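Colleague: I am attaching a structure below and will ask some questions about it afterwards.
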Amino acid sequence: MKKILSIIIIFLIFIFLYFLQVNFFNWFNIAGVKPNLFIILALFIGIFIGKIYGITLGIIFGFLLDLFIGKVVGINATILGIAGLLRRNVYKEFFKR
């Protein structure tokens with residue numbers, strides 16, 4: 001029950017970030033580079049929930065983004081899946097004990 005509730009909350013966060021990304025961050029850029037909130041989301045899911053959830057939800061979110069705003073299907077899915085996979089490297093680097 002807890003896992004289902006957490007996945008529902010993550011999808012609600014995804015929808016919120018989608019509207020932020022499409023509406024606000026299209027105008028906000030730093031030296032021509034737009035921030036991507038979905039990479040941060042996939043990385044946080046990988047760090048705090050687990051590597052498998054980070055990879056699978058990253059791929060699912062990437063396919064949804066490709067269907068909604070992408071021109072080529074699969075690019076965002078690959079990038080977000082890799083971001084979910086980077087959990088081990090980021091965790092070891094930033095959270096040393």
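Where a number appears in this text, it was derived from the coordinates with a stated rule and is not lab data. Keep in mind that this is a model prediction, so the values were computed, not measured. Cβ coordinates were reconstructed from backbone atoms using ideal geometry, including for glycine residues, and neighbour counts include every protein chain displayed.
Colleague: Would you kindly state how much longer the chain becomes between Val33 and Met1 on full extension, computed as 0.36 nm times their sequence separation minus their alpha carbon distance, in nm to one decimal?
Modeller: Fully extending the segment from Val33 to Met1 adds 7.5 nm.
Colleague: Here's another thing I want to ask about it. Quick one: 3J(HN,Hα) in Hz for the stretch 75-83, Karplus 6.51/-1.76/1.60 with θ = phi - 60°, rounded, Gly and Pro as x.
Modeller: 5, 5, 4, 5, 5, 6, x, 5, 5
Colleague: If you place +1 on the Cβ of every Lys and Arg and -1 on the Cβ of every Asp and Glu, how big does the dipole about the Cα centre of the chain come out, in debye to the nearest 20?
Modeller: Values: 10 positive and 2 negative charges, 94 e Å.
That gives the chain a dipole magnitude of about 440 debye.
Colleague: Here's something else I'd like to know. Whole-Hz Karplus ³J(HN,Hα) for the stretch 39-52, in order, using 6.51 cos²θ - 1.76 cosθ + 1.60 and θ = phi - 60°, x for Gly and Pro?
Modeller: Result, ordered by residue: 5, 5, 5, 5, 5, 5, 5, x, 6, 8, 9, x, 5, 5 Hz.
Colleague: When you have a sec, figure out the Kirkwood radius of the chain from all distinct Cα pair distances and drop it here in Å to one decimal?
Modeller: Answer for the chain: a Kirkwood hydrodynamic radius of 13.9 Å.
Colleague: Okay, moving on. So for the stretch 2-94, if I pair up every lysine 8 or more residues apart or on another chain, how many of those pairs have alpha-carbons under 19 Å apart?
Modeller: 4
Colleague: Compute the relative contact order of the chain as a whole-number percentage, counting only Cα pairs closer than 8 Å that sit 6 or more residues apart in sequence.
Modeller: Value for the chain: 24 percent.
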